[in-house]
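The values are calculated or read from the model by the stated rules, or taken from the named source; none is laboratory data. All of these numbers come straight from a predicted model, not from anything done at the bench. Positions of Cβ are backbone-derived with ideal geometry, glycine not excepted, and every protein chain shown enters the neighbour counts. Please note that ligands, DNA and RNA were not included when accessible areas were found on the heavy atoms of the full protein model with its side chains. Shrake-Rupley method; radii C 1.70, N 1.55, O 1.52, S 1.80 Å.
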Amino acid sequence: MASSVSLSSFTSSSSLQLCSSFNGEYLAPSRCFIGAPVTSSSLSLSGKNNSYYPRKFYVSAKKVSGLEEAIRIRRMRELETKTKVRRNPPLRRGRVSPRLLVPDHIPRPPYVESGVLPDISSEFQIPGPEGIAKMRAACELAARVLNYAGTLVKPSVTTNEIDKAVHDMIIEAGAYPSPLGYGGFPKSVCTSVNECMCHGIPDSRQLQSGDIINIDVTVYLDGYHGDTSKTFFCGEVDESFKRLVKVTEECLEKGIAVCKEGASFKKIGKRISEHAEKYGYNVVERFVGHGVGPVFHSEPLIYHYRNDEPGLMVEGQTFTIEPILTIGTTKCVTWPDNWTTLTADGGVAAQFEHTILITRTGSEILTKC
């Protein structure tokens with residue numbers, strides 16, 4: 001589950017000010033890395049010594065000009081077909097069902113009992129051997145829950161139903177659904193459909209063929225959080241949406257590939273930005289990855305865009321990488337629920353997330369099963 005970062009982080013690292021993960025009242029403007037526009041050109045005809053054969057040249061030019069025009073029109077239509085982005089109907093809020101109950105015997109994270117939105121911890125999370133074993137268990141459970149949730153993504157299924165299934169599976173495993181009660185979040189999982197960047201609240205809206213949906217699962221097991229997300233297809237999905245999802249997953253892989261002891265955190269954003277720009281997509285700056293372990297959100301903050309933030313990775317450290325890519329703008333609007341954050345232009349967004357462990361030679365993806 002992503003953290004949110006304020007505009008001050010773009011202007012001065014010494015005056016970094018963090019807001020809560022789900023504070024929708026302040027919207028930081030975002031930079032856009034937009035690929036070069038597609039252009040087209042038509043063929044030109046020129047001839048040598050055409051002054052000697054003015055009549056023949058005129059006739060030939062007329063014939064070729066007609067052929068060129070037909071080719072040009074066909075190419076333009078093909079280009080429009082390939083590049084036109086289909087838009088699903090705008091996302092509308094459905095009915096949010098009552099908060100689901102958790103049995104008393106299941107341990108809760110501290111923020112649930114306090115009812116207070118926790119600050120992002122300034123301490124890096126380096127669990128140690130016993131803690132890493134517990135992290136592996138929490139992350140493996142999160143991955144299994146996410147895979148199961150993905151099998152439920154079908155037309156006519158509601159995100160409320162997905163939330164209930166996720167909740168039940170986590171509870172049956174003796175774990176607590178980390179989002180439930182975090183800063184007032186009313187559900188056990190985040191379900192972000194189409195133009196929703198992240199933190200979508202499950203409701204009564206039925207999924208439709210052509211939707212894409214990010215499901216963000218975090219579980220709290222034996223004192224440790226495991227955090228992961230993936231974007232799934234519902235029914236027949238437009239090819240332009242599929243390309244965005246594919247590249248977003250590749251961006252996550254590119255970011256993970258640079259991770260190892262002693263590597264600089266800023267390499268993650270550089271690699272992700274390079275890959276996204278290659279395909280003309282934009283990286284959302286407002287939401288960032290974060291340290292995770294006994295604490296849900298902590299330093300280091302993982303920026304998915306180009307940045308000059310200092311800091312080196314340490315062996316044994318655990319954190320998330322979770323880039324969000326958009327087809328259009330990265331500017332966002334937040335619904336009155338202060339959670340659900342959508343692209344300002346209604347363009348679709350996609351996200352993938354893993355929790356990783358830094359090793360001496362690289363990194364280990366913990367959220368796998």
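Would you be able to say whether some residue in the range 308-318 is at pLDDT 95 or above and in contact with a Gly (Cβ under 6 Å, 6 or more places away or on another chain)? Looking for residues that are at pLDDT 95 or above and in contact with a Gly (Cβ under 6 Å, 6 or more places away or on another chain), one finds at least one in the range 308-318, hence yes. Scan the range 261-304 for residues that are open to solvent by 10 Å² or more (accessible area, probe 1.4 Å) and not in a strand (DSSP E or B) and the total you get is 17. Might you check whether a residue that is open to solvent by 20 Å² or more (accessible area, probe 1.4 Å) and within 16 Å of I212 (Cβ to Cβ) occurs anywhere in the range 332-344? Within the range 332-344, none of the residues are open to solvent by 20 Å² or more (accessible area, probe 1.4 Å) and within 16 Å of I212 (Cβ to Cβ).
Taking each residue of the range 183-194 that is closer than 15 Å to R205 by Cα and looking for partners that are open to solvent by less than 10 Å² (accessible area, probe 1.4 Å) and small (G, A, S) with beta-carbon atoms closer than 6 Å, six or more apart or interchain, yields C190/G200; T191/G200; S192/G200. Determine the pairs where a residue that is closer than 14 Å to V295 by Cα, located within the range 103-118, has a partner that is in a loop (DSSP other than H, G, I, E, B) and not β-branched (V, I, T) with Cβ atoms under 6 Å apart, the partner being 6 or more residues away or on another chain. Once the first residue is closer than 14 Å to V295 by Cα and sits in the range 103-118, its partners that are in a loop (DSSP other than H, G, I, E, B) and not β-branched (V, I, T) give Y111/P118; V112/G181; L117/S20.
Conditions (1) in contact (Cβ under 8 Å) with a residue 24 or more places away in the chain; (2) closer than 22 Å to G362 by Cβ, marked per residue:
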{"position": "C251", "(1), (2)": "yes, yes"}
{"position": "V258", "(1), (2)": "no, yes"}
{"position": "A263", "(1), (2)": "yes, yes"}
{"position": "K267", "(1), (2)": "no, yes"}
{"position": "N282", "(1), (2)": "yes, no"}
{"position": "R286", "(1), (2)": "yes, no"}
{"position": "I302", "(1), (2)": "yes, yes"}
{"position": "Y305", "(1), (2)": "yes, no"}
{"position": "E309", "(1), (2)": "yes, yes"}
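Sub-9 Å Cβ pairs linking a first residue in the range 196-209 that is without any contact (Cβ under 8 Å) to a residue 60 or more places away in the chain and within 16 Å of F241 (Cα to Cα) to a second residue that is open to solvent by less than 10 Å² (accessible area, probe 1.4 Å) and part of a loop (DSSP other than H, G, I, E, B), at least 6 apart or interchain, are L207/C234; S209/C234, ordered by first then second residue.
Within the range 194-213, the residues that satisfy the criterion of being buried (at least 23 other Cβ atoms within 10 Å of the Cβ) and either touching a strand residue (DSSP E or B) at 6+ places or on another chain (Cβ under 7 Å) or at positive phi (or both) are N194, E195, C196, M197, C198, H199, G200, P202, L207, I212, I213.
Within the range 134-149, restricting attention to residues that are touching a Cys at 6+ places or on another chain (Cβ under 6 Å) and open to solvent by 10 Å² or more (accessible area, probe 1.4 Å), the residue that is farthest from Y220 (Cα to Cα) is R144.
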